[in-house]
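Participant: For reference, the structure I am asking about is given below.
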Amino acid sequence: MTGAYYPEISAAGVQCRAAASALRGQAVLSVLATAVNPALPRADMVDGIPVRRVTVNVSSRASKAAATVRMVRELLQSARSCDIIHLHGFSQKNVPVSIVARLLGKHLVLTLHTSGQDEPDVVKRQGALAYWAFRSADLVLSVSHDLKARWCDAHLPADRIRVAPNGIDTERFRPADPAERAALRRALGWPATEPVVLFVGFFSRDKRPDLLFRAWRRLGADGIRPRLAFVGAKRSSYYEIDQALADRIARDAADLGRAGDVIWIEPTTDVERCFRAADAFVLPSVREAHPLALLEAMACGLPCAATRIAGATDVLITDGQNGRLFPADDEAAAAEALRDILTNEARALAMGARARETVLERYDIRRTADEWLSAYQTVMQT
């Protein structure tokens, strides 16, 4: 169970789809997800896996209440033929799902995905019932050591939580050879030779796309003129997205006379094309657990620069070895990291190659799938 599933985009949904493919033949899977697009079919098949969707308008309390009822109904129907309910992230759905799991005697696995959301202190503020649901899983998987530490710091049972990092399909996300890269850039309408710096993520204040823009703007004073490509949702009813961020970036780029140097790309299910065509990737976020976009960029052999976030990005990147790290909200340091990548081709290529090696060694989706399968086997034995 997840908050979004293909073709809608969320980190948890992307992980579920990739892991489901890796688990084919080892577990029988089905998906129940919420959806914000009412045009998507309620019942669907994605990659040979049955998917059922419950449409919800997240800005309407009435719609959310009705969606909860429909979700419980769908769950009651589906649960008859399942052994385990694997719930991704913490939201309002966790309470009814946990109640149904307990009433039907189903094993419950919970994956913690999001810093600032899937944490004991945050959930506890939502009330006793929410905190009960958070604690009720038979086994908890955390995508990061930091989220696991927060669970343990809350004096929750340490033997009920394991780290299962996000994983990447390293065939889908792989470096492009020169011919592939040239073809991808033509298809995307990107310049053949000018460097392109990439951002992937929705436009929220925590993701800091505006900080990246300001850092990129500084490079122009040094005569370094890369294009800047933003991939992600700029306008949505989703509560974290701030439309003003994209509007301000567009306005400021126009004021600089560089509107044409900023590329806007809507959320896409084939985002690997952008990673494989770009020259550098930047993650300017101030809040992450185990950032999937950064892992995807690293898997594609891109030299990456990211905010240093304890237990998140500093677990993935060793500064100067397989990427660059800069302090949170430090515009000048972000610009310097980008400058280093864009002006030293040999160093950038070496960092990108080591970044891919990091993913191959530690974050292949098959490792994640093995962790999930081990969790399922563990709860089935209890």
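Participant: Would you point out which residue out of 324, 356 is assigned by TED's automatic domain parsing to the domain that holds residue 228, part of a strand (DSSP E or B) and buried (at least 18 other Cβ atoms within 10 Å of the Cβ)?
Facilitator: Exactly one residue qualifies, and that residue is 324.
Participant: Can you name the residue in region 171-186 that is more than 17 Å from residue 260 (Cα to Cα) and within 25 Å of the chain's Cα centre (by Cα) and is also surrounded by the most Cβ atoms within 10 Å (Cβ to Cβ) among such residues?
Facilitator: 173
Participant: Filter region 240-265 down to residues that are among the small types (Gly, Ala, Ser) and part of a helix (DSSP H, G or I) and give me whichever is farthest from residue 192 (Cα to Cα).
Facilitator: The residue in question is 244.
Participant: Going through 192, 221 one at a time, which residue ends up being at pLDDT below 95, in the same structural domain as residue 356 (by TED's automatic domain parsing), over 23 Å from the mean Cα position of the chain (by Cα) and within 19 Å of residue 345 (Cβ to Cβ)?
Facilitator: Just a single option satisfies the conditions, and that option is 192.
Let's see how each residue does on (1) in contact (Cβ under 8 Å) with a residue 40 or more places away in the chain; (2) exposed (fewer than 15 other Cβ atoms within 10 Å of the Cβ); (3) over 15 Å from residue 1 (Cα atoms):
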position	(1), (2), (3)
84	yes, no, no
88	yes, no, no
100	no, no, no
106	no, no, no
147	yes, no, yes
153	no, yes, yes
159	no, yes, yes
169	yes, no, yes
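Participant: Same structure, new question: What residue, among those in region 199-218 that are out of contact with any Asp or Glu (no Cβ under 8 Å at 6 or more places or on another chain) and buried (at least 20 other Cβ atoms within 10 Å of the Cβ), is farthest from residue 14 (Cα to Cα)?
Facilitator: 216
Participant: Among the residues of region 109-121, write down those that are farther than 19 Å from residue 368 by Cβ and outside any loop (DSSP other than H, G, I, E, B).
Facilitator: 120, 121, listed by residue number.
Participant: Restricting to region 221-239, name every residue that is out of contact with any strand residue (DSSP E or B) (no Cβ under 8 Å at 6 or more places or on another chain) and either under 23 Å from residue 275 (Cα atoms) or assigned to a strand (DSSP E or B) (or both).
Facilitator: If the condition is that a residue be out of contact with any strand residue (DSSP E or B) (no Cβ under 8 Å at 6 or more places or on another chain) and either under 23 Å from residue 275 (Cα atoms) or assigned to a strand (DSSP E or B) (or both), then 224, 225, 233, 235 are the ones that fit.
The values are calculated or read from the model by the stated rules, or taken from the named source; none is laboratory data. This one's a predicted model, so the numbers in the text were calculated from it and none came from an experiment. With ideal geometry, Cβ positions are generated from the backbone for all residues, glycine too; neighbour counts draw on all protein chains shown.
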